[in-house]
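Novice: Take this structure, written in structure tokens, and hold onto it; I'll ask about it next.
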């Protein structure tokens, strides 16, 4: 199933009112997405996959204008982490880097939602491809991902 269709199907079951925006422009990085949508970079929710020393994965979703503190992540998950490589991202999430959606994932994955997203009424996540965006509230994102609130941004 095409990635965007997987996201649409997931939304139809839980949040039929949420609509994916498809753009001509490349939105694979937060500044590009913000420019294409006419938003602040912080309104773009970036989804980053991390791998622990024990070969476990977790996703952190944060505002597009913040840096993540790997020590804060380590303190929460109990071990050091590194960013997953592109092959790992595709294998674990079913999405390519630049289009990673924090839900509609093929398997179970711990998702952490950084409080940096709370600055905005709406944030925009990727919806499966590098030219899609999904406007969503923090609360909806929390519900649809089963995420845990965190403060990993510095």
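Computed from the coordinates by the stated procedures, all read-outs in this text should not be read as laboratory data. No experiment lies behind these values; they were computed from the predicted model shown. All Cβ positions, even for glycine, are placed from backbone atoms using ideal geometry, and neighbour counts span all protein chains on display.
Novice: Report the dimensions of the chain along its three principal axes from the alpha-carbon atoms, largest first, rounded to Å.
Specialist: 38, 32, 26
Novice: Another question, then. Quick check: Cα centre of segment 107-131 to Cα centre of segment 7-75, how many Å?
Specialist: Answer, in whole Å: 4.
Novice: As a footprinting exposure proxy, order 136, 73 by other Cβ within 10 Å, with the fewest listed first.
Specialist: Sorted ascending by nearby Cβ count, the order is 73, 136.
Novice: So what are the three principal axis dimensions of segment 67-145 from its Cα atoms, in whole Å, longest to shortest?
Specialist: 32, 29, 22
Novice: Rounded to two decimals, what is the ratio between the C-alpha radius of gyration of segment 27-107 and 2.2 N^0.38 Å?
Specialist: 1.13
Novice: Sort 65, 121, 26 by Cβ crowding within 10 Å, fewest neighbours at the top.
Specialist: Values: 65 17, 121 9, 26 13.
Least crowded to most crowded, the residues run 121, 26, 65.
Novice: Can you tell me the FRET efficiency between residue 121 and residue 14 if r is taken as the Cβ-Cβ distance and R0 is 22 Å, rounded to the nearest 0.05? Please report the intermediate quantities before stating the final value.
Specialist: Working: r = 20 Å, r/R0 = 0.91.
With R0 = 22 Å, the Cβ-Cβ based efficiency is 0.65.
Novice: Provide the percentage of antiparallel DSSP beta bridges, counting only those with both residues in the chain; round to the nearest 5.
Specialist: That works out to approximately 65 percent antiparallel.
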